[in-house]
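Bear in mind these aren't lab numbers, they're just calculated from the coordinates by the rules spelled out. Owing to the predicted nature of the structure, the values given are computational and were not obtained by experimental measurement.
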């Protein structure tokens, strides 16, 4: 659980230190916003891989495998905006089965984000492409 919040905590501590040293609230606010952006809070609620796979088989929605602190996952989530709710999100740090599913399609690596869309895996897809696919589906 601690590593999920590691990046956010580090940014928050840096912001506090810069505020104390430089007496500037601006740095604190900037780093606090950055901490919020890299925290797990901005992602849709994760579910176990088995549940995501079962639901995806029933309704055809995409499955997005991600992990906290991943800059590519953050970029994907920021680009998707509200359309991110049209996919099932699996945190591979919380779910070993999800990590295994990613390794199975990414040559043994835990490369995220990995998206399973219509049964086809897409490792680190273009966020704009995925957004258009989710809107169409």
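Report, in degrees rounded to the nearest 10, the 0 to 90 angle that the Cα long axis of helix 49-59 makes with the longest principal axis of the chain.
The angle comes out at about 60 degrees.
Just to confirm the number: angle between the C-alpha axis of helix 127-136 and the first principal axis of the chain, 0 to 90 degrees, nearest 10?
With both axes taken from Cα atoms, the answer is about 50 degrees.
Of the beta bridges DSSP finds with both residues in the chain, what % are antiparallel, to the nearest 5?
Approximately 55 percent, going by the DSSP bridge assignments.
Which label marks the calculated value of P(r) over Cα pairs in 10 Å bins from 0, in percent, given the options (i) 13, 47, 34, 7, 0; (ii) 10, 18, 15, 29, 20, 7, 1, 0; (iii) 13, 39, 28, 13, 6, 1?
For P(r) over Cα pairs in 10 Å bins from 0, in percent, the calculated option is (iii).
Taking 0.36 nm per intervening residue step and subtracting the Cα-Cα distance, what contour gain separates residue 100 from residue 85 on full extension?
Between residue 100 and residue 85, full extension yields 3.1 nm more.
What are the semi-axes of the equivalent ellipsoid for the range 2-41, taken as the square roots of 5 times the Cα gyration tensor eigenvalues, largest first, in whole Å?
Equivalent-ellipsoid dimensions as semi-axes: 20, 10, 4 Å.
Measure nothing but the geometry: give the 0 to 90° angle between the long axis through the Cα atoms of 25-38 and the longest principal axis through the Cα atoms of the chain, rounded to 10°.
Result, in degrees: 20.
Can you give the relative contact order of the chain as a percent, counting alpha carbon pairs under 8 Å and 6+ residues apart?
Averaging sequence separation for qualifying contacts and normalising by length gives 22 percent for the chain.
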